[in-house]
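Take a look at the structure set out below.
The values are calculated or read from the model by the stated rules, or taken from the named source; none is laboratory data. Small disclaimer: the values here were computed from a predicted structure and weren't measured. Quick reminder, even Gly has a Cβ in these numbers, built from the backbone with ideal geometry, and neighbours come from all protein chains shown. We work out accessible area using only protein heavy atoms, side chains counted, and drop any ligands, DNA or RNA first. Shrake-Rupley method; radii C 1.70, N 1.55, O 1.52, S 1.80 Å.
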Amino acid sequence: MLTFHIAPWVLPILGSALMLGIYDISKKQAVKDNSVLPVLFWATTIGSIFFLLLTLIRGDFVSCFMQYETAFFPVLLKSVIVGSSWICIYYAMRELPISIGAPIGATSPLWVFIGGFFLYQEVPILWQGIAMFLIFAGYYLFSVLGKLEGFSLKNLKGIPLILLGTIITACSALYDKYLLGVMRVPP
């Protein structure tokens, strides 16, 4: 009898992928017939309300506002970076089919990997290197298959925005490492 063993990290990854897919579909649906900026405003407002409620419940509300004074402007810059990324991605999602926008947006970890290598001299272990190779190979095959079908990303209006939003998202993650690691801003 064959036994099948699932590594403990597989189910959380599948759950995360499912939730990210639902999130992308929800974004696409939200901006389909609506203006992007009001959608972002309400999404941010509702998210902020939940965050404030959770900090009140946990008793951390006051400590959120009692952070280092030197962290105010770096965290404000982080907010501008994230907001810029969201604006680009939401406008792109309105213009692009989700089957194009979501995979391009999902390349952000790849750009974080490249940035981490150059900015922080982080060298991947063997398995991370293999995974990055597979990601590169997958995107290469994606482009080859698109060309065979006569499909060109150059003709789609939202492509520059999704690419810009993806790069800004990667910059945001790299800036997180700076804020948390170098500046020691409390999470």
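Here are the numbers for the structure shown:
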read-out	value
Overall form of the range 31-187 per C-alpha gyration tensor (a/c, 1.5; a/b vs b/c)	oblate
Longest exposed-site-free window of the chain, the sites being trypsin sites (Lys or Arg not before Pro) in a DSSP loop that have at most 14 other C-beta atoms within 10 Å	1-156
Cross-link partners of K157 among aspartates and glutamates (Cα-Cα below 20 Å; sequence separation of 8 or more within a chain)	D24, D33, E95, E149
Carbon and sulfur %, accessible surface of the chain computed with the full protein complex present, 1.4 Å	74
Equivalent-ellipsoid semi-axes of the range 1-107, from the Cα gyration tensor, Å, largest first	30, 25, 14
Convex hull per residue volume in Å³, alpha carbons only, for the range 68-149	124
5 angstrom amide H check on V185, placed H, neighbours 5+ away	L180
For the range 124-139, 3J(HN,Hα) per residue [Karplus equation, 6.51 cos²θ - 1.76 cosθ + 1.60, θ = phi - 60°, Hz, x = Gly/Pro]	x, 6, 3, 5, 5, x, 5, 4, 5, 4, 5, 5, 4, 4, x, 6
Nearest-10 value in Å² for the accessible area of D60, using the 1.4 Å probe	50
Cα radius of gyration and Dmax for the range 11-59 (Å)	14.0, 39
Mean separation of Cα contacts under 8 Å (6+ apart) over length of the range 18-112, as relative contact order %	50
Simple label model, 7 Å out from Cα along Cβ direction - D33 to L126, nm	5.5
Residues with amide H under 5 Å from that of E122, placed H, sequence gap 5 or more	F117
Accessible area in square angstrom per residue, the range 1-105, 1.4 angstrom probe	74
Dipole in debye (nearest 20) - the range 1-144, about Cα centre, beta carbon charges: Lys, Arg +1; Asp, Glu -1	220
Using θ = phi - 60° and Karplus 6.51 cos²θ - 1.76 cosθ + 1.60, couplings along the range 91-98 (whole Hz; Gly, Pro as x)	5, 5, 4, 5, 8, 9, x, 4
Under 12 Å from K78, Cα to Cα: aspartates and glutamates that are on another chain or at least 8 residues apart	D176
Nearest-10 value in Å² for the accessible area of F133, using the 1.4 Å probe	130
